[in-house]
Amino acid sequence: MATDTGRFHREFLLRRGIRAGRLLLSRLLEPGRLQVIWRGLRYFPEQDASDPREDLLRIVVRPGEAGGGIGRALIEDLHEQARWRGVRAFKVGSVDVDNPAANDFHRRLGARVVRTVPFYGDSWVHVSVFEVPPDTAR
């Protein structure tokens, strides 16, 4: 089933946009967050020519839910969706080098670190690539 994300965003803005904007604006304008926002908007302009075109920005599981299989299920579903769309690989560029649990998770599921780059401030992130496994059910 296709989802019209443009329609979703338009409806959200019409129904809740002003209220959400007021609530978030003060948080978004905190000095430490502006740099993060700016870097996120630019999202790795120094991409390598060999990088896959498709990006996975982030998968987040609530801390109390970690280890319960939710992240694995999300990645497996992402692989299935990617296969359906003809995608052979995708990049993840938001795993902080100081997050061993996330790095181990990605590695166990087949991600391969292709480089490590500065993100913002003194932080560095791994840029990893997931190869989409072929459909073995056919």
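Residue 58 falls short on exactly one of the conditions (1) assigned to a loop (DSSP other than H, G, I, E, B); (2) at pLDDT 80 or above; (3) under 20 Å from residue 99 (Cα atoms), and that condition is (2).
Residue-by-condition table, conditions (1) assigned to a helix (DSSP H, G or I); (2) in contact with a strand residue (DSSP E or B) (Cβ under 8 Å, 6 or more places away or on another chain); (3) within 18 Å of residue 59 (Cβ to Cβ); (4) assigned by TED's automatic domain parsing to the domain that holds residue 62:
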position	(1), (2), (3), (4)
75	yes, yes, yes, yes
79	yes, yes, yes, yes
125	no, yes, yes, yes
134	no, no, no, yes
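Of the residues making up segment 98-123, those that are within 14 Å of residue 74 (Cβ to Cβ), of a type in the set (A, V, I, L, M, F, W, C) and in a helix (DSSP H, G or I) number 2.
Residue 40 meets all of the listed conditions (1) surrounded by 11 or more Cβ atoms within 10 Å (Cβ to Cβ); (2) at pLDDT 70 or above but one, namely (2). Would a scan of segment 124-133 turn up a residue that is among the acidic types (Asp, Glu), under 16 Å from the mean Cα position of the chain (by Cα) and surrounded by 15 or more Cβ atoms within 10 Å (Cβ to Cβ)? The answer is no, given that none of the residues of segment 124-133 is among the acidic types (Asp, Glu), under 16 Å from the mean Cα position of the chain (by Cα) and surrounded by 15 or more Cβ atoms within 10 Å (Cβ to Cβ). For residues that are surrounded by 15 or more Cβ atoms within 10 Å (Cβ to Cβ) and β-branched (Val, Ile, Thr), scanning just segment 67-96, find the one that is nearest to residue 131 (Cα to Cα). Among those that are surrounded by 15 or more Cβ atoms within 10 Å (Cβ to Cβ) and β-branched (Val, Ile, Thr), it is 87.
The values are calculated or read from the model by the stated rules, or taken from the named source; none is laboratory data. Source: prediction; values computed, not measured. We place every Cβ from the backbone using ideal geometry, glycine too, and count neighbours over all the protein chains shown.
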